[in-house]
DNA sequence: TGCCAGGCCCTCTTTAGGGCCTT
């Protein structure tokens with residue numbers, strides 16, 4: 001599979017449209033079946049983190065006060081990621097914060113997001129749930145650190161992505177996994193998945 | 001004033017409702 005950037009945001013809440021802002025971001029570059037580069041930073045958006053979010057993530061208002069400005073961090077991380085395809089767990093969440101924080105520095109993205117949550121529902125249908133932490137346990141993936149910290153979650157989402165790639169190669173006998181195939185799978189209905197995988201098997205093997 | 005996310009998925013569906021998942 002071509003190189004991708006797996007990202008994860010920690011934020012003050014669920015919706016940038018409701019005034020929520022990012023507090024931390026991590027991006028890990030996955031290439032040739034492994035993580036080859038990492039970026040992580042807390043970010044100060046000048047907003048207060050609610051107490052229950054401090055408890056959830058361990059990211060406190062004191063930590064954010066001494067962090068670099070959000071715009072500075074977003075410039076760095078968007079340069080780091082470049083035009084690589086971006087992967088995130090529940091990508092609709094990270095994509096709306098990515099877009100909202102980039103818009104504040106008058107940048108916009110060109111690439112699509114790929115969603116490891118949607119892919120997991122298709123490729124690991126027997127998992128008891130498709131929360132990142134449950135999938136890590138279910139697939140025996142290494143716990144990379146504290147859950148709800150950006151770098152640990154991005155590393156674990158990267159491990160999950162590689163596990164999904166293995167699932168396609170070994171279980172479904174897809175000879176070559178591409179980002180384009182992942183995009184197809186995540187928008188394919190459960191009923192149409194066998195047809196989609198059969199086409200992927202045939203595309204490069206005969 | 002009172003409201004307050006939203007995209008995806010499943011099903012007892014499609015003229016809809018409710019759960020999952022992210023912080």
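Residues A:11, A:195, arranged from fewest to most other Cβ atoms within 10 angstrom of their Cβ, appear as A:195, A:11. Look at the alpha carbon pairs under 8 Å that are at least 6 residues apart: their mean separation over the length of region A:1-149 gives a relative contact order of 22 percent.
Report the Cα centroid-to-centroid distance between region A:147-206 and region A:59-92 in angstrom, as an integer. Using only Cα atoms, the two centres lie 26 Å from each other.
GNM on chain A, alpha-carbon springs under 10 angstrom: the most fluctuating residue among A:26, A:126, A:88 is A:126.
Counted residue by residue at 0.36 nm each, then reduced by the alpha carbon distance between them, the extension gain from residue A:137 to residue A:108 reaches 6.9 nm.
In region A:72-206, Cα pairs under 8 Å separated by at least six residues give a relative contact order of 20 percent. Among A:144, A:154, A:70, the largest mean-square fluctuation in a Gaussian network model of chain A (Cα springs under 10 Å) belongs to A:144.
Taking region A:12-147 on its own, what percent of its Cα-Cα pair distances exceed 20 Å? Could the numbers behind the result be given before it?
Numbers: 4780 of 9180 pairs.
The proportion of pairs with Cα distances above 20 Å equals 52 percent.
Annotation: the antiparallel percentage among DSSP beta bridges lying fully within chain A is about 75.
Between residue A:203 and residue A:124, the modelled label-to-label distance comes to 2.3 nm, taking each label 7 Å out from Cα in the direction of the beta carbon.
Relative contact order, percent, of region A:62-149 when contacts are C-alpha pairs under 8 Å separated by at least 6 residues?
Details: 65 pairs, mean separation 22.1, N = 88.
For region A:62-149, the relative contact order is 25 percent.
Helix A:70-81: angle to the longest alpha-carbon principal axis of chain A, degrees 0 to 90, nearest 10? Taking Cα atoms only, the helix is inclined about 20 degrees.
Rule-based calculations on the coordinates, nothing more; no lab input. This is a predicted model, so every value here is computed, not measured. In this analysis, Cβ positions are derived from the backbone assuming ideal geometry, glycine residues included, and neighbour counts consider all displayed protein chains.
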